[in-house]
Amino acid sequence: MMKSATGVNDSALSQDPGAPKPDEIRQQLRAILTSPAFLGSKRSQQFLEYVCEKSLNGEGLALKERTIAIEVFGRQPESDLGEDTIVRVSAREVRKRLVQFYSSPEGSASPIKVELPSGSYAPEFHFPAPSLPREEAAPHVLAIIPSPQTKRRRIYWLAAAALMSIVAAAVVAHFVLPNPNLRAFRTFWEPVMSSGDPLLIAVAHPIVYHPSNRAQKLSLENQPKRDPLQRPIQVPPEKLNGNDLVPVFNQYVGFGDMVVATEVSSMLATKGKPVRLRMASNVEFADLRKAPTLLIGAVTNRWTVEFQQSWRFRIDYTPGARSVITDSAPGDSKREWVIGANDDGSTLDDYLMICRIRSLYTGGVLMVAAGLKQFGTEAAGHLISDPEQLGPILRKLPAGWESQNVQLVLHARVIGNTPAQPEVVATHVW
């Protein structure tokens, strides 16, 4: 096996004949960052590029969680990293995407292996281990009757070999066979994976309002003309009227929705499962018949609104009010989960809903990933594509959930416009 290089400077790398050279590593890093496995996640790109450059510059030992949180993700030095798990979540995501890359034809042919060991933020660089040659057939030998002493030695060796076999079997069971989280994760996705049809991903279709040409002209009179589309419209309210808000349909996708579509598509791509991505407004009921479907978004997705009326947990919206997740179970004490949001859309937390339901209407499985705002939807995307996040939640569900419908309601703190790992507040299995 070739030696690995971790957390050392360029000169140290070049002195080790068994390690890749810095220029070779950087060339391989560029190929990884521009590959399909990483193009969908700016956060993963920034994380991997940062830790690799730090290691190549001899600063691998300085790669601590707080340092990465500050220098990569812009956190404050006094941030509570017990609550803000962005570095740990990003490291898991990078490890997952590296596996995706090296499982692809491009990655399997790569001359250099970049790895992020579990429990460390310092990457390792090495050449792929060469394939071992096949053993040559042993020559014929003359059988000799062993002495009693030789027999005893043979018994000792057989006992040692048996012990080594037991140890090897334990190692295989721990590292090769699916862990409990992965088994639960695979079971959750089994209806999708066993279907002969691609997964239909139906993205929410929010209505976005553009300012009219008149409003834009009025705004330009009150602010510099440089980069006008990157500045908010500045017009006194009394000079605007209803005609200055122009609705635009079926042309925009929310950031949280994009994260779900990207995360799920990337995860399924590693398993050879194709997807079809469509705006929900362009999906007809006939498209949903028998096909597994992932509905992204709630009140902005026509099909989530349509199907959720028969579910226990659903997301409702009243014009002039806020979105809320309600529990429709019979009883006097109705539960609901609502967030406080500012006029600019910012909030300190969010609630989200995840569903896997075998629909009587479509004959196929319906999955839902939706938050009250984009932060919850983004958190849902990370959750349903990561065995280490979703697996522990599924394992706590009542026995028999594997073949039943599942609804989850979760809460996620929002720190610096980034959702933390969500926690379950309610479940329903039937």
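Asp23 meets the stated requirement of being modelled with pLDDT of 90 or more and either over 23 Å from Val259 (Cα atoms) or not aromatic (Phe, Trp, Tyr) (or both).
Entry remark, the stretch 368-388: residues being assigned to a helix (DSSP H, G or I) and over 13 Å from the mean Cα position of the chain (by Cα) number 3 in total.
Can you name every one of the helices (runs of 4 or more DSSP H) wholly within the stretch 12-78 that holds 3 or more residues which are more than 15 Å from Phe101 (Cα to Cα)?
Values: elements: 22-33, 36-39, 42-56, 65-71.
Those helices (runs of 4 or more DSSP H) span 22-33, 42-56, 65-71.
Among the residues examined, Ser90 does not qualify as at pLDDT below 90 and either of a type in the set (Gly, Ala, Ser) or not in a loop (DSSP other than H, G, I, E, B) (or both).
Of everything listed in (1) surrounded by fewer than 17 Cβ atoms within 10 Å (Cβ to Cβ); (2) at pLDDT below 90, the single unmet condition for Gly272 is (2). Pro224 meets each of the listed conditions (1) at pLDDT below 80; (2) under 29 Å from the mean Cα position of the chain (by Cα) apart from (2).
Restricting attention to the stretch 204-221, which residues are among the small types (Gly, Ala, Ser) and either on the phi > 0 side of the Ramachandran plot or modelled with pLDDT under 80 (or both)?
Ala215, Ser219
Residues in the stretch 289-302 that are hydrophobic (A, V, I, L, M, F, W, C) and either within 22 Å of Asp350 (Cα to Cα) or assigned to a strand (DSSP E or B) (or both): Leu294, Leu295, Ile296, Ala298, Val299.
Pairs meeting the criteria (first residue in the stretch 324-345 and within 14 Å of Leu372 (Cβ to Cβ), second residue assigned to a loop (DSSP other than H, G, I, E, B), beta carbons under 6 Å, at least 6 apart or on different chains) are Val338/Arg322; Ile339/Leu372. Residues in the stretch 279-322 that are of a type in the set (Lys, Arg) and modelled with pLDDT under 90: Arg289, Lys290, Arg322.
Considering (1) among the hydrophobic types (A, V, I, L, M, F, W, C); (2) touching a residue at least 24 places away in the same chain (Cβ under 8 Å); (3) assigned to a loop (DSSP other than H, G, I, E, B), the lone condition that Leu352 does not fulfil carries the number (3). A count restricted to the stretch 227-247 and to residues that are at pLDDT below 80 and either touching a strand residue (DSSP E or B) at 6+ places or on another chain (Cβ under 8 Å) or assigned to a loop (DSSP other than H, G, I, E, B) (or both) stands at 8.
What's the total number of residues in the stretch 74-107 that are within 20 Å of Ile32 (Cβ to Cβ), touching a helix residue (DSSP H, G or I) at 6+ places or on another chain (Cβ under 9 Å) and touching a residue at least 12 places away in the same chain (Cβ under 8 Å)? Final tally of qualifying residues: 17. Residues in the stretch 280-298 that are of a type outside the set (S, T, N, Q) and out of contact with any Ser or Thr (no Cβ under 9 Å at 6 or more places or on another chain): Glu284, Ala286, Leu294.
The values are calculated or read from the model by the stated rules, or taken from the named source; none is laboratory data. All figures in this text were calculated on a predicted structure; none of them were measured in a lab. Glycine gets a Cβ as well: all are built from the backbone with ideal geometry, and neighbour counts include every protein chain shown.
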